[in-house]
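Working notes for the structure below.
The values are calculated or read from the model by the stated rules, or taken from the named source; none is laboratory data. Please read all numbers here as calculations on a predicted model, not as lab measurements. We place every Cβ from the backbone using ideal geometry, glycine too, and count neighbours over all the protein chains shown.
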């Protein structure tokens, strides 16, 4: 593992307006994640882990502090810029898979390349490669509703991988899967991580978190614990 | 240009709720269909009315003598008088704004069997309208000369005994195979040589009446039937840059002076101003056209608002999907273009079908009317002929439609990208 930081977060504050009250969710958070790390973020609901993930994924803005992604300062970007960086640097994996229902497996995987204006033939060929890696080549023309949860999540991971991101953000990736499939998905994450891609998993399942090398516990908007697992 | 993924999404979004899409499309379809059919019908009505005018000079005025109603210069009211050849000469000299001046006189035979069977040829007889005319008259209310010629200047000058007969006259006096030109007919005991055969350009009763008419040179008629210098009425057209109304005014004043009629006497000279009638008619059709556009555009607008509404619903239904697309890198412009294309596609395709159906219906009616007219020429009452839609009008409608489609998509598209991707992703 090298020590080049891919994500640096310093003194980040974020609060939401809830009615007349201000809900201070992230309270001066500091966090550095190096290239090639595989970490899990844990915490009870309301601890701010989803908010953190949204900020990391440039899906949400923060109030103060600084966030650098791959040495790019990320703050108050235009929607267009944000979409560009998301497409370039980040791959998302969601709990509910979030596949596009009317596109088949291959088209779903190829979608990020569509936004990069890669030609249809080329992006479908690349998508087939990634499906092959996931062992889903034979399912390429199937629609999402014809696939099992594990298959769907593998397609979602392939979709996250296709744009060769620096970071994969996974929000409860195993939340909708049984334990056996969950372990399979974690195996895939291990393989991806072995290629040098940083993986950040938000989870509340301890055995999933145990599979990562670094675990961060969030509580009330600050990091309560941050430790490396020793094998 | 053709982006398969984009169209896959459009077709998908529209197919998801076929009934809803169809009903929405129907709104636009109906709007443009109504617009086209109404425009076509308006045009048909207009054509019918103008066709009825035939080639009638639209800048013409007719004036005739009536009884005076005001005592003047020692004459009591209710005096009868008539125009004469000297009036014709005076008008020609004194009113330069006159382009054509056609004095006319109808022969009304008195005595036994006044106007019945006044024309004889061999064993055949008929009752027809007998007119004395000048060559110019056929330029003011033209008839189609299907054989021979109309009255000319020499006929007037030498008072030739020649006659131009209407089609119905020929039917009555001649057998179908006979050529009437050069033949003689006897009008109230006097023989006239037929020099021309005419058909009316009007329709209905007007045409029937016109085709039962025999035109003689005015001078011949005056001499032959003892009318002296009498002129029944004048048909007048104005010079191109002058209004017929001004000519009417001038002519009346001159005639009043010549016949010792008070200038205030509005009833002494009867007149009909075709220019005024024509303007009224133009106004009427402009009004109809404006109404058609207002109603048509209104209907269309209702349809387009329907599209906008349904696009809002589609955007709402697809909030999460749009969120996913944005999370994996779709720029807002991609989403906006997607939704506007969808809206234009829906509007334009529905509108196109409406346009085609509307034009189709108009063409169908037009064909049927044409067949009917061919089967029975001058059958009368053809107040509706050749309904048609200008190509340019149809194109304008289609362009309006596409612009409307884009506008209809604008609000939903803005809505789609105004939701933050994070909220869209959470949306259930």
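Quick notes
- Members of segment A:85-106 found to be within 7 Å of chain B (Cβ to nearest Cβ) and either over 24 Å from residue B:15 (Cβ atoms) or in a helix (DSSP H, G or I) (or both), listed by number: A:86, A:87, A:92
- In segment B:52-71 there is at least one residue matching the filter, namely being more than 14 Å from chain A (Cβ to nearest Cβ) and in a helix (DSSP H, G or I).
- Candidate set from segment A:51-84 (those that are farther than 22 Å from residue B:417 by Cα, touching a strand residue (DSSP E or B) at 6+ places or on another chain (Cβ under 9 Å) and surrounded by fewer than 20 Cβ atoms within 10 Å (Cβ to Cβ)); member that is nearest to the other protein chains (Cβ to nearest Cβ): A:70
- Qualifying residues in segment A:159-178 (those that are within 12 Å of chain B (Cβ to nearest Cβ) and outside any strand (DSSP E or B)) - the one nearest to the chain's Cα centre (by Cα): A:160
- Exclusive hit being assigned by TED's automatic domain parsing to the domain that holds residue B:214 and at pLDDT below 90, set B:166, B:182, B:189: B:189
- Restricting segment A:1-43 to residues that are part of a loop (DSSP other than H, G, I, E, B) and either at pLDDT 90 or above or under 17 Å from the mean Cα position of the chain (by Cα) (or both) leaves a set whose member that is surrounded by the most Cβ atoms within 10 Å (Cβ to Cβ) is A:37.
- Test for residue B:222: is it at pLDDT 90 or above, within 27 Å of residue B:151 (Cα to Cα), over 24 Å from the mean Cα position of the chain (by Cα) and surrounded by fewer than 22 Cβ atoms within 10 Å (Cβ to Cβ): no
- Among (1) in the same structural domain as residue B:397 (by TED's automatic domain parsing); (2) in a strand (DSSP E or B) - the single one residue B:272 does not satisfy: (1)
- Residue within segment B:306-316 that is within 30 Å of residue A:171 (Cβ to Cβ), part of a loop (DSSP other than H, G, I, E, B) and touching a residue at least 40 places away in the same chain (Cβ under 8 Å) present: no
- The residue that is farthest from the chain's Cα centre (by Cα), among those in segment A:134-152 that are over 21 Å from residue A:123 (Cβ atoms) and in a helix (DSSP H, G or I), is A:146.
- Residues that are within 14 Å of chain A (Cβ to nearest Cβ) and crowded, with 18+ Cβ neighbours inside 10 Å were ranked within segment B:335-369; the one that is farthest from the chain's Cα centre (by Cα) is B:335.
- Some residue of segment B:243-256 being outside any helix (DSSP H, G or I) and either touching a strand residue (DSSP E or B) at 6+ places or on another chain (Cβ under 6 Å) or under 17 Å from residue B:62 (Cβ atoms) (or both): yes
- Filtered residues of segment B:136-166 (kept if part of a loop (DSSP other than H, G, I, E, B) and either touching a strand residue (DSSP E or B) at 6+ places or on another chain (Cβ under 8 Å) or touching a residue at least 24 places away in the same chain (Cβ under 8 Å) (or both)): B:136, B:141, B:142, B:143, B:149, B:150, B:151, B:159, B:160, B:161
- Counted residues, segment B:146-170 - those being on the phi > 0 side of the Ramachandran plot and under 29 Å from the mean Cα position of the chain (by Cα): 0
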